[in-house]
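Here's the structure, in structure tokens; my notes come after.
The values are calculated or read from the model by the stated rules, or taken from the named source; none is laboratory data. No experiment lies behind these values; they were computed from the predicted model shown. We place every Cβ from the backbone using ideal geometry, glycine too, and count neighbours over all the protein chains shown. All accessible areas refer to the heavy atoms of the entire protein, side chains included, with ligands and DNA or RNA removed. Shrake-Rupley method; radii C 1.70, N 1.55, O 1.52, S 1.80 Å.
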Amino acid sequence: MGNRNFCSFPVSLIICLFCIYVKVRGLDNGLALTPPMGWMPFERYRCMTDCERFPRDCISERLFRRTADLLVSEGYAKVGYKYLIIDDCWMERQRDNSTDELLPNRVRFPSGMNHLSNYIHNRGLKFGLYHDVGYKTCMYQGPGAIGHFELDAETFASWGVDYVKLDGCYATERDLDEGYPAFGQALNNTKRPMVYSCSWPFYKSKPNYQIIKKHCNLWRFAEDINDSYESIVDIMHIYHKQQHLLVNHSGPGHWNDPDMLVLGNYFLSYDESRLQFAVWAVMAAPLIMTNDLETVRPEIKALLQNRDIIAINQDSLGKPGKCILTRRNFQVWARPVEPINAMGMNSFAIAFVNHGEFPECPLCPQTCEVLLNEMRLVNPMGYTVVDLFNVSNDLGLYKPRDTFSTRINPKGVNFYKFTVVNIY
Ligand code: GLA
């Protein structure tokens with residue numbers, strides 16, 4: 001027996017094959033089993049570093065402490081927004097002279113990262129940090145990770161980081177393709193669980209999602225979002241164009257990231273805010289807010305904390321949805337969700353979008369009518385329908401040959417759950 005190769009035993013062979021399978025599947029860190037939820041400053045605060053003139057708005061420990069407090073006191077943490085992520089512009093422009101370690105900016109983060117990390121953890125939140133796989137970070141041009149993957153991963157682990165956003169500026173395609181897996185491996189080597197958010201596909205002309213999903217928990221596939229309806233629609237369009245790819249590669253532990261929720265800032269109307277929140281829930285997108293939690297209007301806060309829509313986003317089937325129908329200026333976005341009936345048929349969350357600009361009246365509400373059959377809702381016993389913006393609004397039972405009719409505000413959405421009826 002003594003020297004026989006472990007894999008020559010049948011049971012061991014199965015174990016070996018399993019190990020190889022796990023390895024081939026790549027990153028399997030047990031994290032982000034549902035899309036991460038949290039807050040990140042970039043769209044709202046950009047790279048404001050002048051704390052003397054703008055102490056409230058600059059990227060500083062003060063901003064993150066205030067936001068940590070508000071995430072808890074305003075009820076966001078309770079509904080799931082746990083990750084408080086520092087974006088670009090937190091670093092000194094040079095690494096430490098003697099150790100080569102990354103340094104937080106001394107003026108804006110005078111207490112150091114461990115202190116801030118403890119502050120965040122003590123409030124029951126998780127701590128995220130931005131970095132770049134190339135030579136410099138995108139905006140601030142602080143030092144990138146290239147050449148220092150192990151060291152930077154260890155530094156992050158020593159600061160108690162729980163989530164890493166790794167950007168892809170100042171890197172060649174080769175740097176990206178080698179760097180993302182290598183940095184992910186360096187994170188794993190630290191043994192500290194850290195959600196790994198990659199911007200890899202966005203910087204590639206032809207992203208290979210089969211490979212990307214092996215290494216990343218989430219990935220940005222589109223441009224940076226702006227605080228506007230047009231930007232939301234652009235990102236929806238990018239998703240729609242490649243949804244055959246995106247949908248297949250996303251699931252528990254691996255999510256498409258269409259970028260932050262811009263609700264609560266300056267430019268979205270109430271209807272446009274509903275639209276982003278509903279469609280992001282259908283896409284199974286990470287729900288990462290970027291706003292000033294102190295000034296979010298009550299009706300937007302209520303939207304952001306709508307537990308029924310959050311439940312759709314976090315649905316345990318873990319299947320992202322897609323645009324299943326386009327008719328005139330309407331789109332129908334549907335996501336398969338729990339519960340499943342005895343026949344194995346699932347329920348659906350369906351967002352009916354009115355992009356406006358109907359020739360007869362560009363800015364009027366419009367009525368969208370669709371047969372359930374056309375949406376592939378074919379359970380003969382039908383579906384019970386509730387309005388996800390107000391679940392006490394029960395619309396009753398619909399069967400596959402029924403027409404579902406809904407009147408939608410311009411640049412707005414109506415969002416319903418179609419719960420599959422069981423066959424008894
Ligand atoms: C890129 C990213 C943004 C943000 C900035 C910071 O543009 O896509 O999300 O992180 O860099 O510089």
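Things worth noting here:
- Remark: pairs (first residue in region 197-213, over 10 Å from TYR180 (Cβ atoms); second residue more than 15 Å from the ligand (Cβ to nearest atom) and modelled with pLDDT under 95; Cβ separation under 7 Å; 6+ apart in sequence or on different chains) = TYR209/LEU245.
- Where strands (runs of 3 or more DSSP E) fall wholly inside region 314-377, the ranges with 2 or more residues that are open to solvent by 40 Å² or more (accessible area, probe 1.4 Å) and within 18 Å of LEU395 (Cβ to Cβ) are 366-371.
- Count of region 164-174 residues which are within 16 Å of the ligand (Cβ to nearest atom) and out of contact with any Lys or Arg (no Cβ under 6 Å at 6 or more places or on another chain): 7
- Residue within region 272-280 that is over 23 Å from TYR196 (Cα atoms) and open to solvent by 10 Å² or more (accessible area, probe 1.4 Å) present: yes
- For ASP132: the one exception among (1) buried (at least 17 other Cβ atoms within 10 Å of the Cβ); (2) closer than 21 Å to LEU218 by Cα; (3) of a type outside the set (Ser, Thr, Tyr); (4) touching a helix residue (DSSP H, G or I) at 6+ places or on another chain (Cβ under 9 Å): (4)
- Cross-chain or 6+ apart pairs with Cβ under 9 Å, region 135-157 first and under 25 Å from ARG46 (Cβ atoms) and touching a residue at least 12 places away in the same chain (Cβ under 8 Å), then more than 16 Å from the ligand (Cβ to nearest atom) and hydroxyl-bearing (Ser, Thr, Tyr): PHE156/THR190
- Across region 257-264, not a single residue is classified as within 26 Å of TYR83 (Cα to Cα) and surrounded by fewer than 21 Cβ atoms within 10 Å (Cβ to Cβ).
- Any hit, region 114-129, residues being open to solvent by 60 Å² or more (accessible area, probe 1.4 Å), in a strand (DSSP E or B) and either touching a helix residue (DSSP H, G or I) at 6+ places or on another chain (Cβ under 9 Å) or hydroxyl-bearing (Ser, Thr, Tyr) (or both): yes
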